[in-house]
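Worksheet: one structure, shown below.
The values are calculated or read from the model by the stated rules, or taken from the named source; none is laboratory data. Computed from a predicted structure; not experimentally measured. As a convention, Cβ positions derive from the backbone with ideal geometry for all residues, glycine included, and neighbour counts pool all protein chains shown.
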Amino acid sequence: MPARILIVDDEQIIRESLVFVLRKEGYQVEDASNGMEAFRKHEEKPFDLVITDIEMPEMRGIELLERVTQRTPQTFVMIVTAFASIETAIQALRKGAYDYILKPIEFDDLIHRVHKLMEHRALVSENILLRQELSRTYDFDRIIGQSQSMKLIFETIKRLSQSEGTVLITGKSGTGKELVARAIHYNGGRKQKRFVAVNCGAIVDTLFESELFGHKKGSFTGATSDKDGLFKVADGGTIFLDEVGEIPSHLQVKLLRAIEQKEITPVGKTDPVTIDARIIAATNKDLRQEVERGKFREDLFYRLNVVEIHLPSLTERPSDIPLLANHFIDLYRKQMNRAIKGFSNEAMTSLVNYRWKGEVRELENVIERAVIFCDEDFIQLKDLPEYFRATDLTSSAMPRSGGESLKEAVRHFEKQFIQQTLGNHAFNKEETAKALGISLSSLYRKFEELNIPLSKD
């Protein structure tokens, strides 16, 4: 859709000339003879760009600028001014005008400036949409789980999003530590700034200090120019230090200083640089044990561990596996344009009872593979990797805790089986009851008796 432009000038010849020129360029153009008329038109239907003279009756261009930017901050305003009033044009720029052009107006110059402003406006709009999409993508409501442990994590994320405290996320590889870190960032006050993820386990020891804190040209072989470190790149936003336990001992004191003093010293420089980055760290190691072994500084551990979020493994929350599996099948059937409806009971039982060493990441990979190979309405056991079919499902279906009584084991299995069947039927209660061979009222009694949520939310 062509951009809408409003020309505001008390000289009719100027208005008509600009309207004619810009309409030939494909823009939708209207005009107004004074600021008051222009603002009324803008209130009725906002314009993308307002090109206005400064000196006009009824309402000056500066006042129009202030009203337009207050009413619709996304509207660009260009000031037209005579050379003698250049100071006023500068004042207008300070008040939010995007550009100014001098009289007499050169049409080619005007067209060039308008094109550039519209390109910039499109980029700004695209950037806003991308940030909104990121916020939706990393909204904590999209982290899948209905188990009690995950509900507590959701509440913690909500609180942490509204704070500036340092966070330590612990858990096995593949449990979603970065997803939680992004959820904290994109739901907080820094979401308009950068989220910089650093895999500390993937940086070569000799380059660690340069990567994190930057360096000065010539400070070491290969330093051919000044470089900003990742802390500086994340200034104003969040830096996520994944696998923070891998940071070399001699650099841990510098990281401690970055947290405590909010400043870093690039390699080859003597003057510290002030930074403002929220720090979220993550590890799959037991840092308390690392402290006892002398491999991790105790003071750094306590600075990082202001608030700890521990992500449970799938073994600790088996009731979430059907939810996660159905989430991933929905994701990949859309990507691959497949009409797969769900899982067979045999396939879902196998997924729930499998020991997920790779956690959620491994589960996602298995579901993606199954969607590729499935030729039926429901994913079957044969669509899963070979090692699932080789598993002794009878033994794997036994209770995980050797201390359970028979009654507890039966209750555990019954709850698990109902949840699997529910997931297979997209939480449709009537279809679930029919598949289980019980009445709908009996199913609702089981929900209450076994403390099963009525929906997947």
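Annotations for the structure displayed:
- Extreme residue, modelled with the lowest pLDDT, among residues of the range 405-450 that are exposed (fewer than 14 other Cβ atoms within 10 Å of the Cβ) and not in a helix (DSSP H, G or I): S405
- Test: L179 is touching a residue at least 40 places away in the same chain (Cβ under 8 Å), farther than 25 Å from T270 by Cα and of a type outside the set (V, I, T): yes
- Hey, S163 of a type in the set (G, A, S), in contact with a helix residue (DSSP H, G or I) (Cβ under 8 Å, 6 or more places away or on another chain) and at pLDDT 90 or above or not: no
- Qualifying residue in the range 185-197 (condition: more than 22 Å from Q162 (Cα to Cα) and in the same structural domain as I275 (by TED's automatic domain parsing)): no
- Boolean, K285 is in contact (Cβ under 8 Å) with a residue 40 or more places away in the chain, under 28 Å from K158 (Cβ atoms) and basic (K, R): yes
- Filtered residues of the range 326-354 (kept if among the aromatic types (F, W, Y) and either part of a helix (DSSP H, G or I) or under 24 Å from the mean Cα position of the chain (by Cα) (or both)): F328, Y332
- Here N451, N424, N428 are screened, and the one residue that is on the phi > 0 side of the Ramachandran plot and of a type in the set (S, T, N, Q) is N451.
- Unmet criterion (only one of (1) without any contact (Cβ under 8 Å) to a residue 60 or more places away in the chain; (2) touching a Leu at 6+ places or on another chain (Cβ under 7 Å)) for V244: (1)
- Residue in the range 296-304 that is among the hydroxyl-bearing types (S, T, Y) and either at pLDDT below 90 or part of a loop (DSSP other than H, G, I, E, B) (or both) present: no
- Tallying residues that are within 17 Å of D10 (Cβ to Cβ) and free of Cβ contacts under 8 Å to residues at least 12 places away in the same chain within the range 85-119 yields 1.
- Among residues of the range 55-79 that are among the small types (G, A, S), those with a Cβ under 7 angstrom from a residue that is at pLDDT 85 or above, sequence gap 6+ or separate chain, pair up as G61/G35; G61/T52; G61/D53; G61/I54; G61/I79.
- Checklist (1) farther than 20 Å from N305 by Cα; (2) under 17 Å from the mean Cα position of the chain (by Cα); (3) hydrophobic (A, V, I, L, M, F, W, C) applied to F213, failing item: (2)
- Hits in the range 10-24 - residues which are in a helix (DSSP H, G or I) and either more than 13 Å from V114 (Cβ to Cβ) or touching a helix residue (DSSP H, G or I) at 6+ places or on another chain (Cβ under 8 Å) (or both): Q12, I13, I14, R15, E16, S17, L18, F20, V21, L22
- Filtered by the rule that a residue be hydrophobic (A, V, I, L, M, F, W, C) and in contact (Cβ under 8 Å) with a residue 60 or more places away in the chain, the range 1-47 gives A3, I5, I14, L18, V21, L22.
- Per-region count, the range 30-48, residues assigned to a strand (DSSP E or B) and farther than 17 Å from I105 by Cα: 2
- Residue list for the range 314-325, restricted to those being surrounded by fewer than 23 Cβ atoms within 10 Å (Cβ to Cβ) and at pLDDT 90 or above: L324
- Some residue of the range 172-189 being modelled with pLDDT of 90 or more, polar (S, T, N, Q), under 28 Å from T315 (Cα atoms) and assigned to a helix (DSSP H, G or I): no
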